[in-house]
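Right, one structure below, let's go through it.
Derivation of every value follows stated rules applied to the coordinates shown; laboratory data play no part. The structure presented is a predicted model; accordingly, all values stated were derived computationally and were not measured. FYI the Cβ positions are ideal-geometry reconstructions off the backbone, even for glycines, and counts take in every protein chain you see.
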Amino acid sequence: MPVLVMKFGGTSVATLDRIKRAAKRVGVEVAKGYDVIVIVSAMSGKTNELVGWVNETSKFYDAREYDAVVSSGENVTAGLMALTLQEMDVPARSWQGWQVPLKTNSAHSQARIEEIPTDNISAKFAEGMKVAVVAGFQGISPEGRITTLGRGGSDTTAVAFAAAFGAERCDIYTDVDGVYTTDPRITDKARKLDKIAFEEMLELASLGAKVLQTRSVELAMRFGVRLRVLSSFEEQSDEAGTLVCAEEEIMENRPVSGIAYSRDEAKMTLISVADRPGIAAAIFGPLAEAGINVDMIIQNIAEEGRTDMTFSCPVDQVARAEKALNAAKDSGDINFHDLVADTNVAKVSAVGIGMRSQSGVAAQMFKTLSDEGVNIKVIATSEIKISVLIDRKYMELAVQALHDAFELEKA
Ligand code: ASP
Ligand code: MG
C-alpha cells in the first residue's frame, strides 16, 4: 500500500470537533487505499501553557524535565485522534515517540532525529491497521529519556516519517490555506503562492514565517519529500494549498517571492572588547554552548585596539546569553565594558531565488524603508535574502511597504 503522511497542527486539533473533522479527512485518504501516518501537534496553546509552567517553576531549568513536561500535549491529541478514528471504524493506533521508537540525539529541547525504524509500524499496517497516529515533536534519546525537537517540531516529525516510509506525499494541515507572500494578518494584499522552492521556503521558515519549522524544510529538501501545506478548514482538492518543491519546477521570475518577519528579536551589544585574534570565538563559543541561536553579527571597526560586537538572538534567550557572557567575562576569556540588550527590535526580510540574477533589490528595499522613515539598525544579506533589524513598532509598516514595493500582490 502507498503511504501518505498527514500532519495536523495545533489549531486543526484544538477541540474534539476539530479532531473529528481532521479524522474525516484521514478517512477520505484511507478510502483511496493509502496506509496513513498521522502526525499530531498538541492542541493549540497547550505547548505554550506547558512551557510557561516550566519557566515559572525553574528559570534555568533542566532541559530533560522541560522535555518531559512539554512533550505531553501531543500524547493527548494522539490518543484522542486514534479513538476518533476507531469510532469511525477506521483501524487506528496511537504511538508516542519512544514507542516507534523515534530515536534522537541527547540535545534536549532541540533534539535531532537520528533514526526512525519502520518495522513496528509496518508490521501493524501488515496486520490491517490503516492509520498510525504518531505524537509529533517528541522522541527518545540514547539514554532513554524523552526529547523534543524544538518548537514547531511536529512538522519535522512529519517530514522525517515521510522520508523513512517513502511516503508519496507529506501533507501539512494548518490554519492557513498555503504559503503566502507575507503574513495575511499584516496585509490583506498577501497572496497565496501555488509553488515555492525549498530554498525560499527555508528562508521564509527560518525568518519567522511560522508556517513550517525550518528543519522540516531542510529535511524535505534533502530527501526530496513532496510537501504540501494546506488548510484543514477548507474543502480539499488536489490543487489545494502550496506545493514546496525543487527550484527547477518554478517558472516565476521575480526578484522577491515573499516578505518574512520575526517579531521577537533582541539586539545585544558587547561594548569595548579587545580587538584580537580569537575574540569572536571567545564570545560566540560560550553562546553556542549555552544554546543561543545567534543570527546576525556585526563587528565594528576597532579604535585603539578595542571594538564593539553586536549580535541578534531570540528575545527569550537574552537572560541565558547574558549569563553565558558574564560567566566568560568572570573566567577571564573575554573582557567587555558593558553588555547592552535592546529587546524592542524585529527582523524584516525580503526573500527570493530571483535575487541571484537581479540586482538592485537591496537598494530598493532600503529606499522603501527610508521613505517610510524607518531606521535600519542591522543589515544582513545572503544570496537569496536581505534582512534588516528595526524597531519592533515599525514592523507591520515595513512589511506592508515592502510588499507593495515589490508588487507581491500581483500574480
Ligand atoms: N506542539 C509543539 C509546539 O507548539 C510542536 C508543534 O506543534 O509542532 O511547538
Ligand atoms: Mg506549527
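Out of the trypsin sites (Lys or Arg not before Pro) in segment 223-278, which ones are loop residues according to DSSP with at most 15 other C-beta atoms within 10 Å? Show your work: numbers first, answer last.
Values: sites: R226, R228, R263, K267; in loops: R226.
Passing both the DSSP loop test and the Cβ count: R226.
For segment 328-367, report the translational diffusion coefficient in µm²/s to the nearest whole number, using Stokes-Einstein at 37 °C, 0.692 mPa s, and a Kirkwood Rh over Cα pairs. The diffusion coefficient I find is 228 µm²/s. Around the amide H of R169, modelled in the peptide plane, lie the amide H atoms of V5, all under 5 Å away and 5 or more residues distant in sequence or on another chain. Beta bridges assigned by DSSP with both partners in segment 185-336 are antiparallel in approximately 85 percent of cases. For the chain, the alpha-carbon coordinates run over 75, 51, 33 Å along the three principal axes, in decreasing order.
The string of couplings for segment 94-102 from the Karplus curve (6.51, -1.76, 1.60, θ = phi - 60°) is 9, 9, 7, x, 5, 7, 4, x, 8 Hz, one whole number per residue in order, with x for Gly and Pro. Kirkwood-type hydrodynamic radius, segment 194-324: 17.7 Å, calculated from all non-identical alpha-carbon pairs. Considering only beta bridges that DSSP places wholly inside the chain, some 60 percent are antiparallel. Using the Karplus relation 6.51 cos²θ - 1.76 cosθ + 1.60 with θ = phi - 60°, the per-residue 3J(HN,Hα) values for segment 333-349 come to 6, 10, 9, 10, 7, 7, 10, 10, 10, 9, 9, 10, 10, 9, 10, 10, 9 Hz, with x marking Gly and Pro.
For K130, the lysines whose Cα comes closer than 25 Å to its Cα, not counting residues fewer than 8 places off in the same chain, are K7, K20, K24, K32, K103. DSSP bridge analysis restricted to segment 168-275 gives an antiparallel fraction near 35%, rounded to the nearest 5. The mean sequence distance of close C-alpha pairs (under 8 Å, at least 6 residues apart), as a share of the length of segment 346-405, puts its relative contact order at 48 percent.
Determine Rg/Rh for segment 248-320; Rg is computed over alpha-carbon atoms and Rh is the Kirkwood hydrodynamic estimate from the same atoms.
Rounded to two decimals, Rg over Rh is 1.16.
The Cα atoms of segment 28-152 cover 49, 29, 17 Å along the three principal axes, with the biggest extent listed first. For K195, the residues whose amide H sits under 5 Å from its own are L243, ignoring neighbours fewer than 5 places away on the same chain, with H placed 1.01 Å from N. Summarise the long-distance tail of P(r) for segment 292-333 by giving the % of C-alpha pairs beyond 15 Å. Considering segment 292-333, 55 percent of its Cα-Cα pairs are separated by more than 15 Å. Dimensions of segment 360-411 along the principal axes, based on C-alpha atoms and rounded to the nearest Å, stand at 31, 24, 15, largest first.
Electrostatic tally near A260: other residues with Cβ closer than 14 Å to its Cβ, Lys and Arg +1, Asp and Glu -1, net -3. Taking a straight Cα-Cα cut-off under 25 Å and skipping sequence neighbours fewer than 8 places away in the same chain, the lysines within cross-link reach of K367 are K189, K267, K347, K377, K385, K393, K410. The distance from the alpha carbon centre of segment 150-185 to that of segment 380-402 is 25 Å, rounded to a whole number.
For the chain, calculate the relative contact order in percent as a whole number, restricting contacts to Cα pairs under 8 Å that are 6 or more residues apart.
14
As a ratio to 2.2 N^0.38 Å, the alpha-carbon radius of gyration computed for segment 20-77 takes the value 1.57.
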